[in-house]
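The structure under discussion appears below in the form of structure tokens.
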Amino acid sequence: MRGFTQRAEVPDALVWIDAHTPLLPGESVAVEEAAGRVLLQEVIAPIAVPEFDRSAMDGYALRGGETTGAGEYNPLEFPIAGHAWPGRPFDGAVPAGAAIRIMTGAPVPLELDAVVPAEYASEQDGRLAITRAIAPGQHVGHVGEDIARGSTALAAGRRLRPQDAGLAASLGLAQLQVVRRPRVRLLVTGNEVRAPGTPKGPFDIYDANSVTLRGLVVRDGGLLESHQRLGDDPQVIAQALAAPGADVVLVSGGSSVGAEDHAPRLLAELGELAIHGIAMRPSSPAGMGRIGDTLVFLLPGNPVSCLCAYDFFAGRAIRRLGGRSADWPYPRTRATVARKIVSQVGRVDYVRVKIGEEGVEPIALSSASMLSSTTRADGFVVAPAESEGFGAGTEVTVHLYECL
């Protein structure tokens with residue numbers, strides 16, 4: 001075995017990632033399936049919403065100017081000429097001095113320009129009495145009031161929320177052009193790794209990393225292309241690395257410099273090992289490169305190191321390829337350090353912390369192999385390479401283990 005002769009700086013790794021993550025091409029999806037996707041092309045409204053003047057209330061449509069003077073002690077009366085329902089407009093012309101019954105969403109006849117809410121009106125023997133004057137235009141939704149025809153309804157690059165997809169549907173659009181989701185292949189190495197729920201020997205371990213990574217890939221908008229447990233056969237690993245069909249390959253385990261750590265050598269032989277070894281803790285054995293246009297990330301086998309390396313590097317690549325923000329999708333809060341957070345100049349530290357009444361404290365047992373440290377933690381603090389940590393009383397940013 002040999003150690004790392006040098007380690008890349010975290011910013012250099014991020015620069016490499018950003019230089020190799022162009023936006024993926026688009027695809028058409030049904031508007032019903034568009035929520036959560038990133039819009040590739042702006043949506044220009046092909047119609048106005050609404051396309052006709054419509055009632056905003058249940059009540060009576062009339063000419064607003066004819067209600068002047070109406071009050072509790074001076075009710076005004078109008079003959080009722082008919083009614084309008086959603087999808088069924090009043091048929092005919094409305095005589096001067098007359099009104100029609102109208103429901104919310106129903107078309108307002110061209111001659112009329114206001115709606116009296118039902119609570120300010122009474123009807124008897126085909127005549128309407130109102131006790132409040134209504135200004136022209138009141139309680140009427142006008143053409144294009146929501147969306148003007150030809151306007152930009154949704155901008156390109158927007159991650160569509162459910163209401164955004166609903167707005168596109170209101171324009172009559174059945175399909176939307178969105179960024180294709182990155183196809184992610186997950187390769188788990190290690191002869192000792194067993195699938196959860198299967199028998200194992202006394203010195204085998206259950207595969208936690210792939211379960212964690214699958215959830216993170218989904219969180220970041222990736223589409224799992226395949227999930228393979230490969231053992232430590234170099235030929236099998238090489239075949240899985242080189243197979244077509246993935247935009248990103250995540251290799252869990254075998255990323256360091258041990259006798260069974262084949263992935264770095266294989267990546268260098270099959271393509272480019274751009275970075276191997278990073279000045280950070282945990283995750284220092286992480287690496288990255290590419291085979292053709294496929295990005296490959298070497299993630300350490302220790303569970304916390306695997307999570308950390310994914311969040312710093314692989315997750316960023318997946319998010320950028322799919323048109324999402326490169327930033328971590330963790331909510332942030334500012335808090336005061338209650339007990340010193342120790343770091344070392346020259347490396348980035350990913351420190352799991354709890355937030356108590358007195359402030360932020362690092363988790364006491366925080367080995368890179370202890371995944372439970374991330375479940376007991378409220379979040380993590382990043383100590384930059386130029387820092388020796390944070391003393392008590394210092395205000396820090398905590399990234400919370402919750403997803404936005």
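The values are calculated or read from the model by the stated rules, or taken from the named source; none is laboratory data. This structure is a prediction, so every number in the text was calculated from the model and none was measured. Ideal geometry is used to build each Cβ from the backbone, glycine not excepted, and the neighbour counts take in all protein chains shown.
In the stretch 280-300, what count of residues is obtained for those that are in contact with a helix residue (DSSP H, G or I) (Cβ under 7 Å, 6 or more places away or on another chain) and over 22 Å from ASN191 (Cα atoms)?
Looking only at that region, the number is 6.
Can we say ARG229 is charged (D, E, K, R), touching a strand residue (DSSP E or B) at 6+ places or on another chain (Cβ under 6 Å) and surrounded by 13 or more Cβ atoms within 10 Å (Cβ to Cβ)?
Spelling it out, ARG229 is indeed charged (D, E, K, R), touching a strand residue (DSSP E or B) at 6+ places or on another chain (Cβ under 6 Å) and surrounded by 13 or more Cβ atoms within 10 Å (Cβ to Cβ).
Is it fair to say ILE318 is surrounded by fewer than 22 Cβ atoms within 10 Å (Cβ to Cβ) and either farther than 25 Å from SER387 by Cβ or β-branched (Val, Ile, Thr) (or both)?
no
I'm checking my understanding of the structure. Among residues of the stretch 51-105 that are farther than 18 Å from GLY141 by Cβ and within 48 Å of the chain's Cα centre (by Cα), which one is surrounded by the most Cβ atoms within 10 Å (Cβ to Cβ)?
The residue in question is HIS83.
Please indicate, with yes or no, whether at least one residue in the stretch 321-331 is more than 25 Å from ARG183 (Cβ to Cβ) and surrounded by fewer than 18 Cβ atoms within 10 Å (Cβ to Cβ).
Among the residues of the stretch 321-331, at least one is more than 25 Å from ARG183 (Cβ to Cβ) and surrounded by fewer than 18 Cβ atoms within 10 Å (Cβ to Cβ), which makes the answer yes.
Quick one: count up the residues across the stretch 44-93 that are free of Cβ contacts under 8 Å to residues at least 60 places away in the same chain, farther than 18 Å from ASP113 by Cα, touching a Gly at 6+ places or on another chain (Cβ under 9 Å) and outside any loop (DSSP other than H, G, I, E, B).
0
Could you please find all residues in the stretch 265-284 being out of contact with any Cys (no Cβ under 9 Å at 6 or more places or on another chain) and either assigned by TED's automatic domain parsing to the domain that holds MET370 or crowded, with 22+ Cβ neighbours inside 10 Å (or both)?
Once the filter is applied, which keeps residues that are out of contact with any Cys (no Cβ under 9 Å at 6 or more places or on another chain) and either assigned by TED's automatic domain parsing to the domain that holds MET370 or crowded, with 22+ Cβ neighbours inside 10 Å (or both), the stretch 265-284 yields LEU266, LEU267, HIS276, ILE278.
Among the residues of the stretch 27-35, is any closer than 27 Å to ARG161 by Cα and in a loop (DSSP other than H, G, I, E, B)?
yes
Determine if the stretch 143-151 includes at least one residue that is in contact with an Asp or Glu (Cβ under 8 Å, 6 or more places away or on another chain), surrounded by 18 or more Cβ atoms within 10 Å (Cβ to Cβ) and either assigned to a loop (DSSP other than H, G, I, E, B) or touching a residue at least 12 places away in the same chain (Cβ under 8 Å) (or both).
no
Could you list, in sequence order, the residues of the stretch 317-343 that are touching a Ser or Thr at 6+ places or on another chain (Cβ under 8 Å), more than 23 Å from ALA364 (Cα to Cα) and either part of a loop (DSSP other than H, G, I, E, B) or of a type outside the set (A, V, I, L, M, F, W, C) (or both)?
ARG319, ARG320
Can VAL381 be described as part of a loop (DSSP other than H, G, I, E, B), at pLDDT 90 or above and either surrounded by fewer than 18 Cβ atoms within 10 Å (Cβ to Cβ) or not assigned by TED's automatic domain parsing to the domain that holds PHE312 (or both)?
When the stated conditions are applied, VAL381 does not pass them.
Here is a list of conditions, (1) farther than 30 Å from ARG183 by Cα; (2) in contact with a helix residue (DSSP H, G or I) (Cβ under 7 Å, 6 or more places away or on another chain); (3) among the small types (Gly, Ala, Ser), and ALA35 meets all of them except one; can you say which number that is?
(1)
Can you name the residue in the stretch 145-172 that is touching a strand residue (DSSP E or B) at 6+ places or on another chain (Cβ under 7 Å) and aliphatic (A, V, I, L, M) and is also farthest from ARG219 (Cα to Cα) among such residues?
ILE147
What number of residues in the stretch 239-279 are farther than 24 Å from VAL211 by Cα and in contact with a strand residue (DSSP E or B) (Cβ under 6 Å, 6 or more places away or on another chain)?
Selection size over the stretch 239-279: 8.
Of all residues being farther than 22 Å from ARG219 by Cβ and not small (Gly, Ala, Ser) in the stretch 177-194, which is surrounded by the fewest Cβ atoms within 10 Å (Cβ to Cβ)? Just the residue, please.
If we take residues in the stretch 177-194 being farther than 22 Å from ARG219 by Cβ and not small (Gly, Ala, Ser), then ASN191 is surrounded by the fewest Cβ atoms within 10 Å (Cβ to Cβ).
Kindly evaluate GLY126 against the criterion of being modelled with pLDDT under 95, over 28 Å from the mean Cα position of the chain (by Cα) and under 30 Å from GLN228 (Cα atoms).
Judged against the criteria, GLY126 is not a match.
Could you check GLU402 against (1) surrounded by 15 or more Cβ atoms within 10 Å (Cβ to Cβ); (2) within 19 Å of THR212 (Cα to Cα) and say which number it fails?
(1) is the only condition that GLU402 fails.
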